[in-house]
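Participant: Handing you this structure, nothing more for now.
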Amino acid sequence: MLRTAVTVFAVSAVLSWSPAGVSHAADWPQWRGPNRDGIAAGESIRTNWATRPLELLWMVGGLGRGYASVAVVDGVLYTTGNGPQGQQVVAINAGSGASVWLKSLTDDAPKHGYPGSRSTPSVDGDRLYVVTSDGSIACLNRDDGTVVWQKRFADEWQGRMMSHWGYSESPLVDEDAVICTPGGPDALLVKLDKRSGEEIWKTSVPGDAFDGDGTSAAAYSSAVISLAAGVKQYVQVTGGGVVGVRADDGKLLWSYHRIANGTANVPTPIAVDDYVFAATGYGAGAALLRLSEDGHGGVNAEEAYFLNGKKFQNHHGGMVRLGDYIYAGNGHKNGFPTCLAWKTGDIAWGGKLRGAGSGSAAVTGVGAHLLFRYEDGTLALIRATPNKYVLEGTLRAEYQEGKSWSHPVVVDGRLYLREQNKLMCYDVSR
């Protein structure tokens, strides 16, 4: 197999109540759901949208401006937004939409392109964790939003982003720690004690880590856990490409540059077994990497295949793997519905197929179906099958403003759609 562009290294009482009619069999505690794979495990969704249109249960304001998605745990929904007092975290009753609490984390609204929040809160026990778009990580109490600790990336680690659209990461909670990506050659990733915020380790990056490019800035992605090659590691897409960092000590195990672009690397990578699939937009493309032991406690990353941007690229909106196939929107600033075999890169259907909406598409898997939420606000229900493209329903949401980039979330038969300051809740139960 090819080893193109791969560098390898050795190695308040809120929680005591629950809103009426809402069970908690399936929570959505973080970005892209329980397993960070974009799949609403255990959920189903009705398909007869034409004869039984989705019912809007409620719509509320007060979230603040932003593109963050939502987390839902124990009947409480959490998200972030730019409010009058700065960038804020809000907690909402998931059953009724009533406000529970609000806490600002910055003195003013951060200034950057496409102003607004990006980070989906990560909920863990009695706390939640969030990254502000001006570059800080904060830990809050779930009951009232009290800030337990907060650290600024610039002050602590001289963090830096690859471009000018603000930090977008949703932090990863793993056992007793929380992982985030300040960026920079001395602290590409950092691991913190989740209770105290104390640094456990930080990842330094050799100058040749990205084939001489040296780009060690943070990008717009969020890290995932991989156990590939028998080594627990955090896989993240950064300004220079996709990397694997050893969970125990933060050592950079491997890096791969070819899927990176110089503008904005966004989609969360997919890590399954001994493989990592990563893609970005701006013409860069996608790749499948095979990870293996190097015999010295490290990990080799080998390119199984590369797809150039003309064949497949994911601008943003993410990718969902179901079985042996990946479903995603294809194209730069497009969400052309596409199904590809993830072990071979062969396109099963789509590629250049025009979907029900326009612009990039945020994708969530629900049962045997996919929700494609397009930038223009159109929501499409697509059957998750490699046989052919089957569109089973569409919805024009009650409210649409600007670019609908927030990912759809389904919990307990309810669909949550964030649209800047507003949040809509639809009944999608059978």
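Participant: Name the residue, out of S221, S292, S216, that is at pLDDT 95 or above, surrounded by 23 or more Cβ atoms within 10 Å (Cβ to Cβ) and of a type outside the set (V, I, T). Let's see the steps before the verdict.
Facilitator: Numbers: S292 fails: surrounded by 23 or more Cβ atoms within 10 Å (Cβ to Cβ); S216 fails: at pLDDT 95 or above.
Just a single option satisfies the conditions, and that option is S221.
Participant: Shifting gears a bit: May I ask you to verify whether Y282 is buried (at least 24 other Cβ atoms within 10 Å of the Cβ) and either aromatic (F, W, Y) or over 18 Å from A223 (Cα atoms) (or both)?
Facilitator: On the way: buried (at least 24 other Cβ atoms within 10 Å of the Cβ): no; either aromatic (F, W, Y) or over 18 Å from A223 (Cα atoms) (or both): yes.
The answer is no for Y282.
Participant: Could you tell me which of the residues I179, I200 is under 25 Å from G318 (Cα atoms), touching a strand residue (DSSP E or B) at 6+ places or on another chain (Cβ under 7 Å) and either at pLDDT below 95 or not in a loop (DSSP other than H, G, I, E, B) (or both)? Walk me through it before giving the result.
Facilitator: Details: I200 fails: under 25 Å from G318 (Cα atoms).
Criteria check complete, one pass: I179.
Participant: Condition first: surrounded by fewer than 16 Cβ atoms within 10 Å (Cβ to Cβ) and farther than 27 Å from Y327 by Cα. Can you find one or more residues in the range 47-59 that meet it?
Facilitator: yes
Participant: Going by what's in this entry, would D208 be described as in a loop (DSSP other than H, G, I, E, B), touching a Lys or Arg at 6+ places or on another chain (Cβ under 8 Å) and either closer than 21 Å to G33 by Cα or of a type in the set (D, E, K, R) (or both)? Write out each step before concluding.
Facilitator: On the way: in a loop (DSSP other than H, G, I, E, B): yes; touching a Lys or Arg at 6+ places or on another chain (Cβ under 8 Å): no; either closer than 21 Å to G33 by Cα or of a type in the set (D, E, K, R) (or both): yes.
The answer is no for D208.
Participant: Here's something else I'd like to know. Looking only at residues that are closer than 18 Å to G393 by Cα and hydrophobic (A, V, I, L, M, F, W, C) in the range 340-366, which one is modelled with the lowest pLDDT?
Facilitator: Step by step, filter the range 340-366, then rank; the result is L353.
Participant: Here is a further query. Any residue that is within 22 Å of the chain's Cα centre (by Cα), closer than 21 Å to R36 by Cβ and modelled with pLDDT under 95 - is there at least one of those in the range 372-384?
Facilitator: No, every residue in the range 372-384 fails to be within 22 Å of the chain's Cα centre (by Cα), closer than 21 Å to R36 by Cβ and modelled with pLDDT under 95.
Participant: I've got another one for you. Looking only at residues that are buried (at least 18 other Cβ atoms within 10 Å of the Cβ) and hydroxyl-bearing (S, T, Y) in the range 326-355, which one is nearest to G33 (Cα to Cα)?
Facilitator: Ranking the candidates gives Y327 first.
Participant: Counting only residues that are surrounded by fewer than 17 Cβ atoms within 10 Å (Cβ to Cβ) and in contact with a His (Cβ under 8 Å, 6 or more places away or on another chain), which one in the range 381-400 is nearest to D324 (Cα to Cα)?
Facilitator: Selected residue: R383.
Participant: Is it fair to say V60 is under 21 Å from the mean Cα position of the chain (by Cα) and under 24 Å from S404 (Cβ atoms)?
Facilitator: The answer is no for V60.
Participant: Report, ordered by the first and then the second residue, all pairs with beta carbons closer than 9 Å, sequence separation of six or more or different chains, a first member in the range 146-170 that is of a type in the set (V, I, T), and a second member that is part of a loop (DSSP other than H, G, I, E, B).
Facilitator: Going by the 9 Å Cβ cut-off, the qualifying pairs are V147/L105; V148/R195; V148/S196; V148/G197.
Participant: For the range 144-176, what are the residues that are part of a strand (DSSP E or B), aliphatic (A, V, I, L, M) and over 15 Å from the mean Cα position of the chain (by Cα)?
Facilitator: Quick first cut of the range 144-176, residues part of a strand (DSSP E or B) only: 147-152, 161, 172-174.
Filter once more, keeping what is aliphatic (A, V, I, L, M): 147-148, 161, 172-173.
Once the filter is applied, which keeps residues that are part of a strand (DSSP E or B), aliphatic (A, V, I, L, M) and over 15 Å from the mean Cα position of the chain (by Cα), the range 144-176 yields V147, V148, M161.
The values are calculated or read from the model by the stated rules, or taken from the named source; none is laboratory data. In this text the structure is predicted, and so the values were computed from the model without any measurement. Counting neighbours? That spans all protein chains shown, and the Cβs are built from the backbone with ideal geometry, glycine included.
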